[in-house]
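Asker: Sharing a structure with you now.
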Amino acid sequence: MKSIFLVLAFSTGFLVSKAQGMEEMWDKSASGKEHPNIQWFKDAKFGMFIHWGLYSKLAGVWSGKNYYGSGEWIMNQARIPVKDYQKIAASFNPVKFNAGEWAQLAKDAGVKYMVITAKHHEGFSMFDSKVTDFDIVDATPYKKDPMKALSEATRSLGIQFGFYYSQFQDWYEPNGGKNTWDFDESKKDYQLYYQKKAIPQLKELLTNYGPLGIVWFDTPGGMSKEQTQQFINELRQLQPNSLFSSRVGQGLGDYKDFGDSEVPPVPIKGAWESVYTHNDSWGYITHDMNFKSTAEIIRLLANVASKGGNLMLNVGPDGEGNIPYYSVKYLRETGAWLQKNGESIYATTAGFVPEQPWGFTTSKPGKLFLHVVNRPAYDLVLVPGFKNNVLKVYSLTDKKNLSFEKKGTDLLVRMKGVKNEQSPNTVLVVEYSGTEPAYNETAPVTIAAAFETNYINAAFAKTTGAAKIQPLTYSHYYGDWKHTTCVTGMQNPADGATFSVRIIDQGDYKLILEYACPESRSRQEGILEVNGQPFLFRTLRTSEFDRKAPLLFIKHPVAILHVEKPGIYTMTVKPAKTGAELMKLKSIIAEPVQ
Ligand code: FHN
């Protein structure tokens, strides 16, 4: 009876057919109502994403041409007709797939949950579906359901298992979203596609593969808020404990997913996740070797955890079922680091001390974890704004007690003797008494001579006039999204970006502006003011902002600042005259002059 009601609601012919903007593609807003089963997710902190499909066999090549960027989009990039694309299934035979090995890799990597693509935009089902013949059991020589084995193997190692499902985009289906090269988008009946394929398949996934920790939806579309709510209600009945990601759409998800490869610049309340490729593509591409190193993965994990979120890192197995060599290698090395330092990541919350030149902080009751990713010269770690009484400080891996002193609310920790072990992230633990203080949003940014480079990021600016802090999203290769928070909109002297900084050490500092500026708006005069002392500069050209192209930033040294008296300084960047936008300011950089 209920599903007929759903049909009724859906068949009101609610057709939507317009290009998906960034906001739509990535619904970052979650319902805000905490799901009763959310805590495991919040404590998990680290997940494995797996993009696997027919595109994995193409490996970024079609008709002898190499494609760059999201390999899972090759059917779209190359405008491959369904009649040609479906033929790939006939030779898709992942004989090297081994569920136990994949699950063991997840275990060795230290991830707490795994999400794999049951069906991506290409419309091919990587599971045994009775709803279509375009699936791995009916359409390929493999004739087995890898998802059955993988879900069991993963759960048997205590790792939560979930499915990614492209609920709106389906380039195989005449009424599915976004195949505009075979089908006329304006004539599609998305509701029919939801009725005939998406919903029945999701019911299969929520019925035949045991308890799912997560259902990861993506690029929502074709449904109103009411229809999305009914869609969720229907599926929720099958697995009330399963968490639905925010890209179910309409702000109705159980937790928030940021844009691809995006980390917010400051802590975010509630459950949220950052998703990253391991190289520049989600799906396997033979010629994409730009893998993030173990150090990059560990630092990214600490960065995300320090803002209270989860990192779900992707791997893209090839058409045979092999996980790329560097993904296996670097994930295992990450797991080895988590073996020794996991306490500073798993089940932590955002650190109450903002990002510092030396690194990030994460929290547990009575403990602040200092993630030292840039070891300070003379091994002295300054933790500003530490009001609580410190009981002891020690290095996490060898529990070696460290000497420390408090000067006012400055906690100074001596790392002397802490073995470096070439670790990309050395964790120190500060145990303190009293309740955990709130995150200090107004804390000045620290600048210290102990670091070759001190960044003052745009996110920490106080803006005046028309200036605003704006996250800019653009891409390098196709679908390989980048995000940079900048101060934009500075067009006259009243539009400024002001930063409160705390300069710890006396001495000279080279001040460098990091910005983007198109030729058409370059050669404009600007002012960098430090405690009222003006330094003039004229902007240099880099590139125009274009979502489909890299945004190039220049590091433009504009002044030497002599600091006689350490303390709080105010730095302001603004146009010298009224004109076009002065720049897209990414950061001010302070480098101690040796
Ligand atoms: O279009 C997809 C893309 O192929 C990939 O699945 C990512 C993963 O977050 N989501 C969409 C783009 O944001």
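The values are calculated or read from the model by the stated rules, or taken from the named source; none is laboratory data. None of the values given here were measured: they were computed from a predicted structure. Every residue, glycine as well, gets a Cβ built from its backbone with ideal geometry; the counts of neighbours run over all protein chains shown. For the accessible areas, the whole protein counts, side chains as well, though only heavy atoms, and no ligand, DNA or RNA atoms are used. Shrake-Rupley method; radii C 1.70, N 1.55, O 1.52, S 1.80 Å.
Asker: How about region 145-172: which of its residues are away from the ligand (no atom under 16 Å from the Cβ) and closer than 21 Å to ALA198 by Cα? Give the steps one after another, and end with the answer.
Answerer: Taking region 145-172 as the starting set, the residues that turn out to be away from the ligand (no atom under 16 Å from the Cβ) are 145-161.
Selection gives ASP145, PRO146, MET147, LYS148, SER151, PHE161.
Asker: Now for a different question. For TYR394, which of the numbered conditions (1) farther than 27 Å from VAL263 by Cα; (2) hydroxyl-bearing (Ser, Thr, Tyr); (3) open to solvent by less than 50 Å² (accessible area, probe 1.4 Å); (4) touching a residue at least 40 places away in the same chain (Cβ under 8 Å) fails to hold?
Answerer: (4)
Asker: Here's something else I'd like to know. Here's a check for you: in region 279-300, which residue that is of a type in the set (Val, Ile, Thr) and open to solvent by less than 10 Å² (accessible area, probe 1.4 Å) is farthest from the ligand (Cβ to nearest atom)?
Answerer: Applying the first criterion (of a type in the set (Val, Ile, Thr)) to region 279-300 yields 285-286, 294, 297-298.
Retained after the next criterion (residues that are open to solvent by less than 10 Å² (accessible area, probe 1.4 Å)): 285, 297-298.
On the way: ILE285: 12, ILE297: 17, ILE298: 21 Å.
It comes out as ILE298.
Asker: Considering PHE369, PHE352, which residue is at pLDDT 95 or above and either over 15 Å from LEU396 (Cβ atoms) or of a type in the set (Gly, Ala, Ser) (or both)?
Answerer: After applying the criteria, what remains is PHE352.
Asker: Something else about it: Do we have any residue at all in region 414-425 that's at pLDDT below 95 and small (Gly, Ala, Ser)?
Answerer: The answer is yes, given that some residue of region 414-425 is at pLDDT below 95 and small (Gly, Ala, Ser).
Asker: Just checking, which of PHE231, PHE244 is away from the ligand (no atom under 16 Å from the Cβ), modelled with pLDDT of 95 or more and either buried (at least 20 other Cβ atoms within 10 Å of the Cβ) or not in a loop (DSSP other than H, G, I, E, B) (or both)? Talk me through it step by step, then tell me what you get.
Answerer: On the way: PHE244 fails: away from the ligand (no atom under 16 Å from the Cβ).
When all the criteria are applied, what remains is PHE231.
Asker: Go through (1) more than 12 Å from the ligand (Cβ to nearest atom); (2) open to solvent by 10 Å² or more (accessible area, probe 1.4 Å) one by one and return the number of the condition ALA305 breaks.
Answerer: Every condition holds for ALA305 apart from (2).
Asker: Would you say ASN98 is surrounded by fewer than 22 Cβ atoms within 10 Å (Cβ to Cβ) and either modelled with pLDDT under 95 or away from the ligand (no atom under 15 Å from the Cβ) (or both)? Walk me through how you get there before you give the answer.
Answerer: Values: surrounded by fewer than 22 Cβ atoms within 10 Å (Cβ to Cβ): yes; either modelled with pLDDT under 95 or away from the ligand (no atom under 15 Å from the Cβ) (or both): yes.
So ASN98 fits the description; yes.
Asker: Among (1) in contact with a strand residue (DSSP E or B) (Cβ under 9 Å, 6 or more places away or on another chain); (2) free of Cβ contacts under 8 Å to residues at least 40 places away in the same chain; (3) buried (at least 19 other Cβ atoms within 10 Å of the Cβ), where does TRP62 come up short?
Answerer: Looking at each condition in turn, TRP62 falls short on (1).
Asker: Step by step: first the residues of region 257-278, then only those that are in a strand (DSSP E or B) and either within 13 Å of the ligand (Cβ to nearest atom) or without any contact (Cβ under 8 Å) to a residue 12 or more places away in the chain (or both), then the one that is most open to solvent (accessible area, probe 1.4 Å). Which residue is that?
Answerer: Keep residues of region 257-278 that are in a strand (DSSP E or B), which gives 257, 272-276.
Those still in the list that are either within 13 Å of the ligand (Cβ to nearest atom) or without any contact (Cβ under 8 Å) to a residue 12 or more places away in the chain (or both) too: 257, 273-276.
On the way: ASP257: 0, GLU273: 0, SER274: 0, VAL275: 0, TYR276: 34 Å².
Of everything passing the filter in region 257-278, TYR276 is most open to solvent (accessible area, probe 1.4 Å).
Asker: Residues ILE116, ILE80, ILE159: which one is closer than 30 Å to SER224 by Cβ, at pLDDT 95 or above and either touching a Phe, Trp or Tyr at 6+ places or on another chain (Cβ under 9 Å) or of a type outside the set (A, V, I, L, M, F, W, C) (or both)? Show your work before the answer.
Answerer: Numbers: ILE80 fails: closer than 30 Å to SER224 by Cβ; ILE159 fails: closer than 30 Å to SER224 by Cβ.
Of the residues listed, the single one that is closer than 30 Å to SER224 by Cβ, at pLDDT 95 or above and either touching a Phe, Trp or Tyr at 6+ places or on another chain (Cβ under 9 Å) or of a type outside the set (A, V, I, L, M, F, W, C) (or both) is ILE116.
Asker: Evaluate the following for ASP133: is it modelled with pLDDT of 95 or more, outside any loop (DSSP other than H, G, I, E, B) and acidic (Asp, Glu)? Give the derivation first.
Answerer: Working: modelled with pLDDT of 95 or more: yes; outside any loop (DSSP other than H, G, I, E, B): no; acidic (Asp, Glu): yes.
Taking the combined requirement at face value, the residue does not satisfy it.
Asker: Can you pull out every residue in region 537-552 that is of a type in the set (Lys, Arg) and part of a loop (DSSP other than H, G, I, E, B)? Write out each step before concluding.
Answerer: The initial filter retains those residues of region 537-552 that are of a type in the set (Lys, Arg), namely 538, 541, 547-548.
Within region 537-552, ARG541, ARG547, LYS548 meet the criteria.
Asker: Suppose we filter region 325-356 for residues that are open to solvent by 20 Å² or more (accessible area, probe 1.4 Å) and assigned to a loop (DSSP other than H, G, I, E, B); how many remain?
Answerer: 3
Asker: Within region 110-144, which residues are farther than 21 Å from LYS87 by Cβ and under 30 Å from the mean Cα position of the chain (by Cα)?
Answerer: GLY110, VAL111, LYS112, TYR113, MET114, VAL115, ILE116, ALA118 - these are the residues of region 110-144 that are farther than 21 Å from LYS87 by Cβ and under 30 Å from the mean Cα position of the chain (by Cα).
Asker: Return only the number of the condition from (1) within 21 Å of PRO324 (Cα to Cα); (2) touching a strand residue (DSSP E or B) at 6+ places or on another chain (Cβ under 7 Å) that ILE136 does not satisfy.
Answerer: The failed condition is (1).
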